[in-house]
Amino acid sequence: MAVASLRRSVLSLNRTLRGSWCQAPDLRPVCVSACQRTPERSSVHARNTFKVTMVPGDGVGPELMRAVREVFKAADVPVEFEEIHISEVHNMASEEKLDQLFTSVRNNGVAIKGKINNPMAYKGDLASYEMKLRRKLDLFANVVHVTSLPGYSTRHNSLDLVIIREQTEGEYSSLEHESVKGVIESLKIITREKSHRIAKFAFDYATKKGRSKVTAVHKANIMKLGDGLFLQSCAEVAKLYPKIKFENIIIDNCCMQLVRNPYQFDVLVMPNLYGNIIDNLAAGLVGGAGVVPGESYSDEYAVFETGARHPFAQAVGRNIANPTAMLLSAANMLRHLNLDYHSNMVSEAVKRVIKQGKVRTKDLGGYCTTEDFVRAVVNNLGHQSVY
Amino acid sequence: HCVFQPPPAKYGGQHTVTLIPGDGIGPELLNHVREVFRFSCVPVDFEVVNVNSSRADEDDINNAITAIRRNGVALKGNIETNHTMPPSFKSRNNLMRTSLDLYANMMHCQSLPGVQTRHKNIDIIIIRENTEGEYSSLEHESVSGVVESLKIITRLNSLRIADYAFRLAREKGRRRVTAVHKANIMKLGDGLFLQCCREVASGYPDITFDSMIVDNTTMQLVCKPQQFDVMVMPNLYGNVVSNVCAGLVGGPGLVPGANYGRDYAMFETATRNTGKSIANKNIANPTAMLLASCLLLDHLKLHEYATTIRNAILTTMNETRLHTPDIGGQGTTSEVVQSIMNIIQKTGPRTVAYY
C-alpha cells in the first residue's frame, strides 16, 4: 500500500520533471529526499529511497540518531527518515503524537528508535508508551544478538549468542490492582498462542541463521502453570525442527551459567521479564549498553533499537554516549531493507574503528567524544563520497 | 506428526518459503527466481532444503516435508525418480504430495500472443486430483508373471476435488466444468468419481456441468481446444491431459502449476519435467518457474509484486520476443532473465541497484 503510493507520487513527479526538463528519466534522478540537494551521481537511483520512521526518544537518543544520520549521509545510503518526536516525561505526553507514530510505522514498515522513558510516578495509565507501541504494532519478538567486538577484550571473548524475548505479555501486562488496602496484585499472563508464536520465531531464526541449539529459560518449578505452559509450548514447536537441539534451563541457573561459562548457550528464548534481565546481563558481558544492537519484529513491521534499552539521561549534552549500538542496529536495518552493500559498509567501518582502538568512548575505557567516534567511522567508510 | 498448526512464518514483513531445488534444470531455474526476487525487493526469504534423489533412505524427503509443514508454502523443482530402484522406493514427489495432502493440482493453460503455436485462443484450467487414483503405489504380484496394480477412487477425495473445481470456477467467473473419466470401462471407479462431480454440480446451478470420456477429450483437445473451459479429473488422466494442453500452448517451459491442500501449498512447473538433458546449458526456459513464483506471491497475498513480475515476463515473451530454443528462439536463460529484470526496473516500484 505504501509502496504503491510512493510509486504513484514518484511517477507523477517524474512526469512533471520530464515535461519541464525534457530529459530521459534514467539520466536525471528524481530527488525525493528531504536533505540538501545532492549533485548527480550515476550509481545511486534516488527513485529507490526507502522511507524509515525515526523516533529519537529521550536521553541520549537524539544524539545517537544524529550520529546515524551523519554516517548515512557520508555513505550515500538511500534512506529517508521521517522523524517523530515523542516523550512521556515532563508532562509532554500526547495521544495524538502516539497515533501519528503508529500511522507512520504502519506506512513505512521499518522504524529506528531510541528509548522512550517511562515516568516513574503513577499518572493514571499503567502501560507506558513503549508498551503501547509494542502491543499496538504487535511487536512480539525482541532479538538481541550478543557478539564480542573484535579488538575490545572483556572477561569473555568470542561470545556469540542470541536472546529472543517475548515482548507483549508476561509480567508486562500492565494489569495491577489493589483489592485490599496495602495489598497489590500484579498479574503475569502467559498464553499458549503467544508462547507458540515466540517459540516458532526462535526456531525459525535458528534455522535461518544456521544455529544448532535453542534453550528455553523459565521458572516452571515455581510458576508451575504459567511457565509450565510456556515450556510445554516450546517443546511442541521443537518437534517440527528435528535438526535443532532443544533444552531448557531455570532462570537462576541460567544467570549463573552466563557469568561462568556463557559459551554453552546458542539461542535463548524466554518470556518478558527474564528476557529483560538476560538482555542486560549479556550486554554487560561484551562491553555494556553502548555496544549491543537489538531489533523487534512483528508479522509486518521491524523496529531497530539498542539491545539494552537505557535512556542514559546523565549523559545528555555531554557528548560521551557510545553510538556503536545504534550504528550497528542501523546496519541491521539496512540488511532488513535488502541494502546489503550499505549495511556491510557501515558495520565494517564501526568494527574497524573499534578494532583499531585509537578512538574509544568513555564506556570502553577511552577519552573520545561521540562526535570523534562518528568522525572516525565516517573516515573508515569504504565508499567514494562527493563531500 | 505435529499436534498443532503452527502460525505462519512471517516476521518483520518477511515471509519464509521452503525451496527444494530438485534435479536437472531445477537448481538453475530456482537460482534465477531468487535473483529476480532479490532484485525486486520481494519480502520472501527462502529456506533451501536439498533432497538427494539417489539416496534410498527417506531422511531427506522427511526433512523437506517437515520444513514445508513449518513454513506452509514451498517452491520446488522436480526430484528425479530412478526406475531401477525396488518397488518399496516411492517417488519422492508423490511422497510429498500425499504426506502433505496436497489434493488439488491446478494448471492454467493460456495461449501467449508472442509464442507461435498451431492453436490460438486457448484458455483452459485443469484441476487434477493429486493424491489417489492410479498413483496409489499399491501393486503386487500374486501369481508369478501376473501383476495387479490398484487404482483407488474414494468418495471423500472425489467430492473434495469436485468442490475445489466448482469453487475455483465460480471465483474466476468461469461458465463450464467438464469432468473427464472412463466410466464406460471402469464403471464403479470412475463411475463414483462422476457421480460425486454431479452431486457437487447440483449445488452450483450457475455453472454448466458436463462430462467427456478421456479418449474423446484428447482428440477434441488436438482438434478444437477452444471448446474447453474448466476440466476436472482423476490423477492419471490429469497427467495426460495437462501434458497435452501444455504442448498445445507452446511446451513444458511455459506453464506453471500449483498444488493446494487444506493447510499447505506447493508451486512448481505444471508438467514436472526434470530436464536432465538440458541441465546447466543455459538454454532452459525460465518462464514456467518464474510464473510459478508469481502464483506463490499471489498465494502469500503479495499481489503487487506478483503483477509486476508477471507483466515483465509477459512483456519479454510477447513484445521483445526474446525466446529460448524450446519455443524457437535463440536466447539463453540468462538473457531472458536479464530482460525481465530490466523491465521490472523500468516499471516496478523499487529495485536494488547493483554496484
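Tabulated data
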{"quantity": "Taking A:L175, B:L295, B:L159 and counting other C-beta atoms within 10 Å, the order from fewest to most", "calculated": "A:L175, B:L159, B:L295"}
{"quantity": "Sites B:K120 and A:D99 - FRET efficiency at Förster radius 60 Å, r taken between beta-carbons, to 0.05", "calculated": "0.60"}
{"quantity": "Share antiparallel - DSSP beta bridges, segment B:131-286, percent rounded to 5", "calculated": "50"}
{"quantity": "Two-site label geometry, A:L273 and B:T81: point separation in nm, points 7 Å out along Cα→Cβ", "calculated": "5.7"}
{"quantity": "Nearby lysines by direct alpha-carbon distance to A:K355 (threshold 26 angstrom, same-chain neighbours under 8 apart not counted)", "calculated": "A:K73, A:K209"}
{"quantity": "HN-Hα J in Hz across segment B:99-114 - Karplus 6.51, -1.76, 1.60, θ = phi - 60°, x for Gly and Pro", "calculated": "5, 8, 6, 7, 7, 10, 9, 10, 9, 10, 9, 10, 5, 9, x, x"}
{"quantity": "Charged-residue dipole, Cβ positions (Lys, Arg, Asp, Glu), segment B:49-96 about Cα centre, Debye nearest 20", "calculated": "200"}
{"quantity": "Relative contact order for chain A, counting Cα pairs under 8 Å that sit 6 or more residues apart, in percent", "calculated": "18"}
{"quantity": "Label-point separation, A:Q356 to B:S136 (7 Å along Cα→Cβ), nm", "calculated": "7.4"}
{"quantity": "J(HN,Hα) series, segment B:250-264, from Karplus relation 6.51 cos²θ - 1.76 cosθ + 1.60, nearest Hz, glycine and proline x", "calculated": "x, x, x, x, 10, 10, x, x, 9, 10, 10, x, 6, 10, 10"}
{"quantity": "5 angstrom amide H check on B:G12, placed H, neighbours 5+ away", "calculated": "A:S298, A:D299, A:E300, A:Y301"}
{"quantity": "For the protein assembly as shown, share of DSSP beta bridges that run antiparallel, in % to the nearest 5", "calculated": "45"}
{"quantity": "Shape category assigned to segment A:278-387 from the gyration tensor of Cα positions, a/c cut at 1.5", "calculated": "oblate"}
{"quantity": "Eligible lysines near A:K351 by straight Cα distance, threshold 18 Å, same-chain separation 8 or greater", "calculated": "A:K362"}
{"quantity": "Order of A:M256, A:M131 under a 10 Å beta carbon neighbour criterion, fewest first", "calculated": "A:M256, A:M131"}
{"quantity": "DSSP-assigned coil residues among trypsin sites (Lys or Arg not before Pro) in segment A:242-278, each with at most 14 further Cβ atoms within 10 Å", "calculated": "A:K243"}
{"quantity": "Reachable lysines from B:K172, criterion Cα separation under 19 angstrom, eight or more residues apart if same chain", "calculated": "B:K301"}
{"quantity": "Helix B:235-249 vs. chain B, principal-axis angle (Cα, 0 to 90°, nearest 10)", "calculated": "40"}
{"quantity": "Helical mean residue ellipticity (222 nm; -39500 (n - 2.57) per DSSP H run of 4+; nearest 500) of chain A", "calculated": "-12500 deg cm²/dmol"}
{"quantity": "Where labels lie 7 Å past Cα in the beta-carbon direction, separation of A:A313 and A:K224 in nm", "calculated": "4.3"}
{"quantity": "In order through segment A:160-167: 3J(HN,Hα) via Karplus (6.51 cos²θ - 1.76 cosθ + 1.60), integer Hz, x for Gly, Pro", "calculated": "8, 9, 10, 10, 10, 10, 6, 10"}
{"quantity": "Computed magnitude of the charge dipole of segment A:211-280 (debye, nearest 20; Cβ of K, R +1, Cβ of D, E -1)", "calculated": "220"}
{"quantity": "Dipole magnitude of chain B about its Cα centre (Cβ charges: Lys, Arg +1; Asp, Glu -1), debye to nearest 20", "calculated": "840"}
{"quantity": "Sequence of B:S339, B:S158 once ranked by neighbouring C-beta atoms within 10 Å, starting from the fewest", "calculated": "B:S339, B:S158"}
{"quantity": "Gyration tensor verdict on segment B:38-136 (Cα atoms; rounded if a/c is under 1.5, prolate if a/b is larger than b/c, oblate otherwise)", "calculated": "oblate"}
{"quantity": "DSSP beta bridges in chain B [antiparallel fraction, %, rounded to 5]", "calculated": "50"}
{"quantity": "Angle between chain A longest axis and helix A:340-356 axis [Cα atoms, degrees, rounded to 10]", "calculated": "70"}
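Read the figures in this text as sums done on the coordinates, not as results from a lab. In this text the structure is predicted, and so the values were computed from the model without any measurement. We place every Cβ from the backbone using ideal geometry, glycine too, and count neighbours over all the protein chains shown.
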